[in-house]
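Heads up: the structure comes next, in C-alpha cells.
The values are calculated or read from the model by the stated rules, or taken from the named source; none is laboratory data. Please read these numbers as outputs of a predicted model, since none were measured by experiment. With ideal geometry, Cβ positions are generated from the backbone for all residues, glycine too; neighbour counts draw on all protein chains shown.
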Amino acid sequence: MLIKNVELNGEVVDVRLAEGRIAEIGRLQGAADFDGQGGALLPGLHDHHIHLNATAAAMNSVRCGPPEVTNEAELIEALDRPGGGWLRGVGYHDSVAGEIDRNWLDRHGPDRPVRIQHRSGRLWVMNSLAIEKLTLNGSKIAENEQKSGRLLDMDDAIRAGQDFPDLGPLVQKLLSYGITGVTEVTPSNGLAERAHYFRAAKPLKIQVMGKIELPDGHLKLHYHDHDLPPLERLAGEIKAAHDKGRNVAAHCVTRAELMLTLAGIEEAGFLAGDRIEHAAIADRAAIDWMKQIGVIVVTQPNFIAERVEAYRAEIPEAEQKNLWRLKSFEDLPCAAGSDAPFGDPSPWAAMAAAVARPRGFDVEAISPEAALALYTKPAKDAGQSPRKIAVGAVADLCLLAQPWSKAMKSFKDVTVNATWIDGALVYDRIN
C-alpha cells in the first residue's frame with residue numbers, strides 16, 4: 001500500500017507499506033492507495049490500561065454520575081426506563097444522592113432488575129429484583145449484602161452465568177481513535193477471558209494480564225486499603241509470579257497500597273517489567289523509591305480533568321499536589337491508559353488533560369510530545385522508548401486529519417482519518 005502526502009517529522013512524504021512493515025519513506029513513485037492530505041502520520045496508539053468487557057458493557061449502560069447526572073432528581077429521571085430485562089447503570093458517585101441502597105432503588109427505580117456501579121468500579125448497588133435474579137442464578141451473596149443491596153468486590157458473583165459482551169462496537173471506537181493495541185488489565189481475567197479477547201477484539205493487538213493461571217502476561221495484584229495482605233504474603237505472591245517468568249502489575253491508588261507494593265517488590269526481588277498501575281497518589285519519597293527499584297508507572301492523565309471538582313472537595317489541599325502526577329514521572333519509565341470504563345477511552349482527551357491540566361494541578365503538565373509518547377510505548381514493554389515510524393518498523397499507524405503543528409495545540413480537537421495494523425487499513429474515515 002502506498003500512502004501519499006503525509007506529514008512526518010515536519011515534512012510531507014509518502015510511505016509504502018509491504019508485508020506488514022514500512023518499506024519506504026520519501027517522495028515515492030506510483031498511484032496513491034491512500035491520500036493523507038497532509039495529516040500527521042504517527043505510530044499507532046496503545047492503551048496500556050483498559051477493561052474491555054466492562055467498557056463494552058458500559059456503552060450500553062445508563063450514566064448515573066457526574067457530569068451527566070449530578071443530583072437525586074436527575075438520577076431518578078435517568079433510571080426511568082421501563083422494560084423487563086436488566087438495567088445497568090455506571091459511574092455513580094455519592095455526591096449525586098448519597099449512599100443509595102436496595103431500598104432506595106426499590107422506591108425510585110423502574111420495575112425491573114437494576115444494578116448500578118459506583119465510579120470506583122468496586123461497588124454495585126442492586127434493587128430487590130436484581131438480588132433475586134442473582135440468587136436464583138446461584139450467585140453466593142451474604143445476608144447483609146442481600147439486605148442492603150450493596151455488593152462490594154463481588155464482580156465474579158455478579159457475572160456468574162452471564163455471556164461475554166460483544167466487543168465489536170468498542171473495537172471500532174478504539175480504532176477510530178488511532179488505537180492499534182490495548183493491554184487488558186482486569187484482575188479476574190482467566191483462560192476463558194483471555195480466549196474471548198483474542199477472538200472478539202480483532203484486529204487490535206492484545207496484551208492480557210490477570211490471574212496466576214494465565215500462561216503469560218502480568219499477574220494483576222488488586223488489593224485495597226481495607227484488605228492489604230501482610231508483606232510476607234505479598235512478597236511471596238510476587239516471587240511466585242517471577243519464578244514463572246511473569247511480571248506483576250499492582251493496582252495502587254492510595255499511599256498505603258503503593259508503599260506496601262514497593263516493599264513487596266523489593267522483598268521479592270524486582271523483575272524488569274514490573275508495573276505500578278495508577279500511582280494516583282505519589283509523594284516525593286514514593287517517586288524516589290520507584291526510581292530506585294526501576295518499576296514502570298502506568299497512569300491515567302484523564303482522571304485529573306474528569307474528577308477535578310471531586311478531588312478539590314474531597315482530597316486535603318496538602319495532598320492534592322501528589323494526585324495523578326505526570327511531570328514528576330518523567331524520570332521514570334512511564335506509559336498511560338484510559339482505565340475505561342472508569343475513564344474516557346479517548347487517548348486524545350487524556351493527552352489534552354496531560355498538556356492543559358486544571359488550575360492548581362498544572363505544575364505537573366507535560367509537553368505535547370511527552371503526552372503522545374505515553375501512548376506510543378511498545379505494547380509488550382511500557383517502560384521502553386516510544387515507537388518511531390521508520391523503514392523496517394511494524395506498520396501500526398495512525399493518520400490525523402491535521403498536521404502535528406495544529407494537533408499539538410488542541411488535542412481535544414484531533415480527528416483521526418485512518419488506522420493501520422500490520423499494514424492493513426482497519427479504519428478509514430475518508431473513503
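Can you find even one residue in segment 294-307 that is assigned by TED's automatic domain parsing to the domain that holds A373, modelled with pLDDT of 95 or more and surrounded by fewer than 18 Cβ atoms within 10 Å (Cβ to Cβ)? Looking for residues that are assigned by TED's automatic domain parsing to the domain that holds A373, modelled with pLDDT of 95 or more and surrounded by fewer than 18 Cβ atoms within 10 Å (Cβ to Cβ), one finds at least one in segment 294-307, hence yes. Right, R359: more than 16 Å from the chain's Cα centre (by Cα), in a helix (DSSP H, G or I), surrounded by fewer than 18 Cβ atoms within 10 Å (Cβ to Cβ) and not aromatic (F, W, Y) or not? No, not satisfied. For segment 151-183, filtered to residues that are over 23 Å from N60 (Cβ atoms) and modelled with pLDDT under 95, the residue that is surrounded by the fewest Cβ atoms within 10 Å (Cβ to Cβ) is L152. Among the residues making up segment 329-356, those that are of a type in the set (A, V, I, L, M) and part of a loop (DSSP other than H, G, I, E, B) are L332, A340, A356.
Against the criterion of being part of a loop (DSSP other than H, G, I, E, B) and farther than 23 Å from L152 by Cα, G236 does not qualify.
Sort out which residues of segment 190-219 are under 21 Å from G264 (Cβ atoms) and more than 14 Å from the chain's Cα centre (by Cα), and write them in order of number.
Matches in segment 190-219: G210, K211, I212, E213, L214, G217, H218, L219.
Consider segment 57-75 and keep the residues that are among the polar types (S, T, N, Q) and within 18 Å of G98 (Cβ to Cβ). The one that is surrounded by the most Cβ atoms within 10 Å (Cβ to Cβ) is T70. Every condition in (1) under 20 Å from the mean Cα position of the chain (by Cα); (2) at pLDDT below 95 is met by D227 except one, and the failing one is (1). Of all the criteria given as (1) crowded, with 17+ Cβ neighbours inside 10 Å; (2) under 25 Å from E306 (Cβ atoms), the one not satisfied by H108 is (2).
Which of the residues spanning segment 345-371 are at pLDDT 95 or above and charged (D, E, K, R)? Selection gives R357, E364, E369.
Annotation: of all residues in segment 247-264 being under 14 Å from P229 (Cβ atoms) and of a type in the set (G, A, S), the one that is surrounded by the most Cβ atoms within 10 Å (Cβ to Cβ) is A250. Only one entry in K244, K220, K239 is surrounded by 21 or more Cβ atoms within 10 Å (Cβ to Cβ) and of a type in the set (K, R), namely K220.
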